[in-house]
Amino acid sequence: MKPAPTTRTWTRYVAIGDSLTEGMTDPDPGMPGAYVGWADRLAVELAARADAEDKEFGYANLAIRGRLLADVVGPQLDAALALGPDLVSIIGGANDILRPKADVDALAADLEAAVARIRATGADVLMATPADPYKAPLLRAFRGRCALYVACIWSIAQRQGAFVLDQWGQPFLRDWSMWADDRLHMNSEGHQRVSLAALSSLGIETDEEAWRTPPPPAQAVPRREAAVANARWAKDHVGPWVQRRLRHESSGDHVSAKRPLVTPLHARRADRTID
């Protein structure tokens, strides 16, 4: 269901979550090794709306790759609320779902408690469903858990009065051209489209046909070439992921939030890069 158009202008946006919200793998051209991502892109669009009304806009992004939901609804949320936001995006749980003993009902309960806590401050909340992994190697085994979590997210939003970024239902995210080589994180085009989907989810008008429409079908890859690509993917991405799990390590163990404080943000150029 399409959200009603909003007349609200947010001026203090804080994003919390895991690698999706950190922006992997949407490279930041101005900072090697760093990422932009859908939340940064959304922030610039919100800044443009604030600028049009001569309002100051500030943005913080506390998300860190590999984080479990307990960290997102715990330390990250504490830090976010201390910044006094009027809009918080909270996305987490996907990394938990990949654990063998994941309890989706418990995850949903923790997420709802966090959303309720944010709403109690008067701030608006943007959640997001995971993308449908029905074509994803390895991840499609967890599709049932993901679908249950999606249903929980929509129920939480209805009870708590939150917005939902619906990634599960986006046809363009079923196209591999939207994804990076690791087949787990979106590339720049995917993040750009998701940022516009988020804008639309907040009730802000967008050119929906432009971002919703999947790209033209790619040419079929010869079987031998596909086999080589799959072997390279397993070596470069699956192997290191398994090794981290065996060592009880996370990709974000030595990573800190890229934008820990609410700082001014302005829409500087037509391509919507951030300060």
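Can you say whether A147 is at pLDDT below 95, in a helix (DSSP H, G or I) and within 30 Å of P216 (Cα to Cα), as far as the supplied structure shows?
Values: at pLDDT below 95: no; in a helix (DSSP H, G or I): yes; within 30 Å of P216 (Cα to Cα): yes.
Criteria not met by A147.
Candidates are the residues of the stretch 75-95 that are surrounded by fewer than 22 Cβ atoms within 10 Å (Cβ to Cβ) and of a type in the set (G, A, S); the one that is nearest to R143 (Cα to Cα) is A79. If you take the residues in the stretch 96-116 that are within 20 Å of A141 (Cα to Cα) and of a type in the set (D, E), which one is surrounded by the fewest Cβ atoms within 10 Å (Cβ to Cβ)? Among those residues, the one meeting the criterion is D105.
Counting only helices (runs of 4 or more DSSP H) that fall entirely inside the stretch 165-275 and contain at least 1 residues that are surrounded by 12 or more Cβ atoms within 10 Å (Cβ to Cβ) and modelled with pLDDT of 70 or more, the qualifying elements are 188-201, 208-212. Restricting attention to the stretch 114-152, which residues are closer than 16 Å to I90 by Cα and of a type in the set (A, V, I, L, M)? Within the stretch 114-152, A114, V115, A116, I118, A120, A123, V125, L126, M127, A128, A131, V150 meet the criteria.
Only one of V44, V72 is surrounded by 21 or more Cβ atoms within 10 Å (Cβ to Cβ), without any contact (Cβ under 8 Å) to a residue 60 or more places away in the chain and in a helix (DSSP H, G or I); which? Write out each step before concluding.
Numbers: V44 fails: without any contact (Cβ under 8 Å) to a residue 60 or more places away in the chain.
That would be V72, the only listed residue that is surrounded by 21 or more Cβ atoms within 10 Å (Cβ to Cβ), without any contact (Cβ under 8 Å) to a residue 60 or more places away in the chain and in a helix (DSSP H, G or I).
Of all residues in the stretch 6-41, those being in a strand (DSSP E or B) and out of contact with any Asp or Glu (no Cβ under 7 Å at 6 or more places or on another chain) number 5.
Please count how many residues of the stretch 18-62 are closer than 13 Å to A257 by Cβ and among the β-branched types (V, I, T). The total comes to 1.
In the stretch 122-134, how many are crowded, with 19+ Cβ neighbours inside 10 Å and either at pLDDT below 95 or in a loop (DSSP other than H, G, I, E, B) (or both)? Counting residues in the stretch 122-134 that are crowded, with 19+ Cβ neighbours inside 10 Å and either at pLDDT below 95 or in a loop (DSSP other than H, G, I, E, B) (or both) gives 6. Looking across the stretch 85-101 at every residue that is modelled with pLDDT of 95 or more and either over 17 Å from the mean Cα position of the chain (by Cα) or in a loop (DSSP other than H, G, I, E, B) (or both), the one that is nearest to L165 (Cα to Cα) is identified as I91.
Looking only at the stretch 128-146, how many residues end up being of a type in the set (A, V, I, L, M) and either more than 18 Å from the chain's Cα centre (by Cα) or farther than 21 Å from M178 by Cα (or both)? Working first, answer last.
Let us first name the residues in the stretch 128-146 that are of a type in the set (A, V, I, L, M), namely 128, 131, 136, 138-139, 141.
Still in the list and also either more than 18 Å from the chain's Cα centre (by Cα) or farther than 21 Å from M178 by Cα (or both): 138, 141.
Residues that pass the stated criteria total 2.
Tell me which residues, restricted to the stretch 47-66, are out of contact with any helix residue (DSSP H, G or I) (no Cβ under 7 Å at 6 or more places or on another chain) and within 22 Å of R117 (Cβ to Cβ). Passing the criteria: G58, A60. Can R119 be described as surrounded by fewer than 21 Cβ atoms within 10 Å (Cβ to Cβ), among the basic types (K, R), in contact with a helix residue (DSSP H, G or I) (Cβ under 8 Å, 6 or more places away or on another chain) and at negative phi? So R119 fits the description; yes. When A141 is tested against the conditions (1) in a loop (DSSP other than H, G, I, E, B); (2) without any contact (Cβ under 8 Å) to a residue 12 or more places away in the chain, the lone failure is (1).
The values are calculated or read from the model by the stated rules, or taken from the named source; none is laboratory data. A quick note: this is a predicted structure, and the numbers were derived from the prediction, not measured. Counting neighbours? That spans all protein chains shown, and the Cβs are built from the backbone with ideal geometry, glycine included.
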